[in-house]
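Please treat every number below as a calculation from the coordinates, not as lab data. Note that the structure is a prediction, hence the values are computed from the model and not measured. With ideal geometry, Cβ positions are generated from the backbone for all residues, glycine too; neighbour counts draw on all protein chains shown.
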Amino acid sequence: MNKLNTVIAIDGFSSCGKSTLAKQLAKTLKFAYVDSGAMYRAMTYHFIQNNIDLHDLDAIAGCVDTAHIEFRYINEENRIFLNDQDVSEEIRKMYISEKVSKVSPIACVRKALVNIQQRLGSEHNIVMDGRDIGTQVFPYATVKLFMTADPKKRAERRHAELCAKNEAVSFDEIYTNLAQRDYDDTTRAESPLVCASDAVVLDNTDLSMEEQFNLALEIIQTNAKINLHQ
Ligand code: DC
């Protein structure tokens with residue numbers, strides 16, 4: 001990481017609102033924003049499109065390098081492209097959520113994506129969210145936040161989000177999927193989700209988005225000595 005760059009690392013459980021907060025912070029701080037989870041989702045989509053058996057590590061290793069994943073900022077929105085195709089909407093679908101935790105623990109996938117993430121951090125001041133940003137990708141991040149919230153509340157929020165998009169998924173299905181992903185994320189051998197010892201924990205169970213944003217900004221200002229009024 002270029003020592004001159006400021007990196008805000010945001011880790012935490014699925015559906016805690018990490019991406020929403022990270023986007024708001026990046027906009028306010030005028031930093032680049034990287035949703036690292038979207039990269040694992042795009043890679044999962046790539047394997048599915050190429051009919052790769054997710055248990056076949058040789059096939060996966062042979063296919064990783066054929067995925068060119070990048071972010072493009074279009075109409076004030078960060079979009080993710082896989083081999084020049086905008087996959088921003090597709091990767092949010094349930095069939096990807098169900099498969100992505102099979103893909104994210106695979107070492108060669110992590111290596112490829114962490115390389116891209118570190119390169120982005122060396123090029124820009126950045127806000128990046130994920131599971132291992134403060135522990136593996138940027139252990140020397142300027143500020144580390146670790147987000148958590150009550151699982152039921154997280155499932156309710158996600159359910160409301162999917163209902164708004166007319167995706168017919170039940171609350172129970174979402175709750176079960178979240179519990180499984182929490183288990184998979186925290187128990188996997190490769191880069192499990194853990195709270196870095198120098199991260200500030202942000203539990204947003206009872207916080208509005210505005211309260212959460214103000215709190216995060218206060219933590220960043222205190223820890224990174226960023227002057228927001230310059
Ligand atoms: O944040 P998300 O739900 O979009 O992440 C998708 C998956 O990718 C999830 O199973 C966790 C995994 N992930 C990871 O292993 N490391 C990251 N830095 C980001 C996400």
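Net charge in the neighbourhood of TYR175 (other residues with Cβ under 10 Å of its Cβ; Lys, Arg +1, Asp, Glu -1) is 0.
Under 8 Å for C-alpha pairs, at least 6 residues apart: give me the relative contact order for the chain, rounded to a whole percent. Each step should come with its number before you reach the end.
On the way: 329 pairs, mean separation 73.4, N = 230.
The normalised contact order for the chain reaches 32 percent.
Estimated from helical segments only, the mean residue ellipticity of the chain at 222 nm is -15000 deg cm²/dmol, where each DSSP H run of four or more residues counts as -39500 (n - 2.57).
In the structure displayed, which of LYS99/LYS144; LYS18/LYS144; LYS144/LYS165; LYS18/LYS165; LYS102/LYS152 lie more than 21 Å apart, Cα to Cα?
Numbers: LYS99/LYS144 28 Å; LYS18/LYS144 12 Å; LYS144/LYS165 32 Å; LYS18/LYS165 19 Å; LYS102/LYS152 23 Å.
Check vs 21 Å cut-off fails for LYS99/LYS144; LYS144/LYS165; LYS102/LYS152.
Between THR187 and ILE116, the modelled label-to-label distance comes to 2.9 nm, taking each label 7 Å out from Cα in the direction of the beta carbon.
Of the residues VAL200, VAL114, VAL169, which exhibits the maximal mean-square fluctuation in a Gaussian network model of the chain defined by a 10 Å Cα contact cut-off? Fluctuation is largest for VAL169.
For the options ALA199, ALA67, ALA189, a Gaussian network treatment of the chain with springs between C-alpha atoms closer than 10 Å singles out ALA189 as fluctuating the most. Each 10 Å bin from zero up to the one holding the largest Cα-Cα distance in region 176-230 carries the following percent of pairs: 19, 33, 33, 13, 2.
Put simply, the C-alpha atoms of region 21-115 give a gyration tensor, and the ellipsoid matching it has half-axes of 25, 13, 12 Å, longest first. By the Cα gyration tensor, region 101-230 has an equivalent ellipsoid whose semi-axes, rounded to whole angstrom, run 26, 22, 14 from largest to smallest. Based on the Kirkwood radius over alpha-carbon pairs, what is the Stokes-Einstein translational diffusion coefficient of the chain at 25 °C with 0.890 mPa s viscosity, in µm²/s? D, rounded to a whole number, is 136 µm²/s.
Between the C-alpha center of region 164-194 and that of region 28-53 there is a gap of 16 Å. Taking label points 7 Å from Cα along the Cα-to-Cβ direction, HIS68 and ASN223 give a separation of 3.6 nm. Sticking with the crude label model, points 7 Å out along Cα→Cβ, report the distance from ASP203 to LEU215 in nm, one decimal please. Distance between the two pseudo-spin positions: 0.9 nm. Packing, as the average of other Cβ atoms within 10 Å across residues, places the peptides 211-217, 6-12 in the order 6-12, 211-217, highest first.
If packing is taken as the average number of other Cβ atoms within 10 Å across a peptide's residues, how do 119-126, 92-99 rank, most packed first? Working shown, then result.
Working: 119-126: 17.4, 92-99: 15.6.
By packing density, highest mean first, the sequence is 119-126, 92-99.
Comparing ASP185, ASP206, ASP35 in a Gaussian network model of the chain (Cα springs below 10 Å), the most mobile by mean-square fluctuation is ASP206.
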